[in-house]
Amino acid sequence: MTDRLPHTLRSDASDNRERILDAARALFATEGLKAPMREIARHAGVGPATLYRRFPTKQMLATEAFTDEMRACRAIVDEGRAEPDPWRGFCLVIEKTCELHARSRGFTEAFMSTFPDAMDFVAEREYALRSIAELAHRAKDTGHLRPDFVLDDLVLMLMANRGIHTTSKAARVAASRRFAALVIQAFQASPQHSPLPPVARLAPAAPAAPAAPAAPGKIT
């Protein structure tokens, strides 16, 4: 009995931790980092004291919750750098990065210096920007990337992508794919205006135009 008790306590603590992380990922993805810690605790089915005992600050919680996204971000950048055609690699980074950030609004906020003292985010952000700068330089040498592109344009793209608001994650991802295609055309030295991905409906359909008035004396 006494031998089993410590194991049970460790198992309960591990379960609580995973429930907290799952709840944080879900809420950060939909609400961003403004999601209250108490709301995360409620969704996880634990008390606030349990949450703060495991993760004393939201910075620590976000860093742990976004481990997979940070690894995915690095993998995207590495895949783009490994592409023999630098322009193709640059486009791949734009497309996959937009989709990754569209799937979690909170990750975009964390990646873009919401937590400037979080070393994991700082290191990954610096690695990504340094790698993309190198890839952009090579893409410019091929004549495909416009020569006046700067890294600030990439940050502007992420800020705009973060602003996509839809009723579902699927719609947000679809809208992000179309947005990425438009961005790539804007970054291209000589835009070819390739077909865009399908439209994601973001606004209500425009009202139908009013019918023309009937001619005098005409029965309608």
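The values are calculated or read from the model by the stated rules, or taken from the named source; none is laboratory data. Since the model is a prediction, treat every value here as computed from it, not as a measurement. Positions of Cβ are generated from backbone atoms using ideal geometry, with glycine treated the same way; all protein chains shown enter the neighbour counts.
Data overview
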quantity: Positions within segment 38-66 being of a type outside the set (D, E, K, R) and out of contact with any helix residue (DSSP H, G or I) (no Cβ under 8 Å at 6 or more places or on another chain), in sequence order; calculated: ALA49, PRO56, THR57, GLN59, MET60
quantity: Qualifying positions in segment 51-85 - more than 19 Å from GLU95 (Cβ to Cβ), more than 18 Å from the chain's Cα centre (by Cα) and not aliphatic (A, V, I, L, M); calculated: TYR52, ARG53, ARG54, PHE55, PRO56, THR57, LYS58
quantity: Some residue of segment 13-26 being at pLDDT below 90, surrounded by fewer than 12 Cβ atoms within 10 Å (Cβ to Cβ) and out of contact with any Asp or Glu (no Cβ under 7 Å at 6 or more places or on another chain); calculated: yes
quantity: Lone unmet requirement of (1) within 25 Å of ILE20 (Cβ to Cβ); (2) crowded, with 17+ Cβ neighbours inside 10 Å; (3) of a type in the set (A, V, I, L, M, F, W, C) for VAL93; calculated: (1)
quantity: THR142 in contact with a Phe, Trp or Tyr (Cβ under 6 Å, 6 or more places away or on another chain) and either farther than 21 Å from VAL77 by Cβ or surrounded by fewer than 18 Cβ atoms within 10 Å (Cβ to Cβ) (or both); calculated: yes
quantity: Of residues in segment 174-193 being among the aliphatic types (A, V, I, L, M) and touching a helix residue (DSSP H, G or I) at 6+ places or on another chain (Cβ under 7 Å), the one nearest to SER104 (Cα to Cα); calculated: ALA180
quantity: Qualifying residue in segment 123-133 (condition: under 14 Å from the mean Cα position of the chain (by Cα) and modelled with pLDDT of 95 or more); calculated: no
quantity: Meets criteria (over 23 Å from CYS91 (Cβ atoms) and either in a helix (DSSP H, G or I) or at pLDDT 80 or above (or both)) for HIS137; calculated: no
quantity: Residue in segment 75-98 that is in contact (Cβ under 8 Å) with a residue 60 or more places away in the chain and touching a Cys at 6+ places or on another chain (Cβ under 9 Å) present; calculated: yes
quantity: So ARG38, is it assigned to a helix (DSSP H, G or I) and either touching a residue at least 24 places away in the same chain (Cβ under 8 Å) or closer than 22 Å to MET112 by Cα (or both); calculated: no
quantity: Selection count, segment 141-164, where residues are touching a residue at least 24 places away in the same chain (Cβ under 8 Å) and either of a type outside the set (Asp, Glu) or in contact with a Gly (Cβ under 9 Å, 6 or more places away or on another chain) (or both); calculated: 15
quantity: Residue check, ARG10 among the charged types (D, E, K, R), assigned to a helix (DSSP H, G or I), modelled with pLDDT of 95 or more and more than 26 Å from THR166 (Cα to Cα); calculated: no
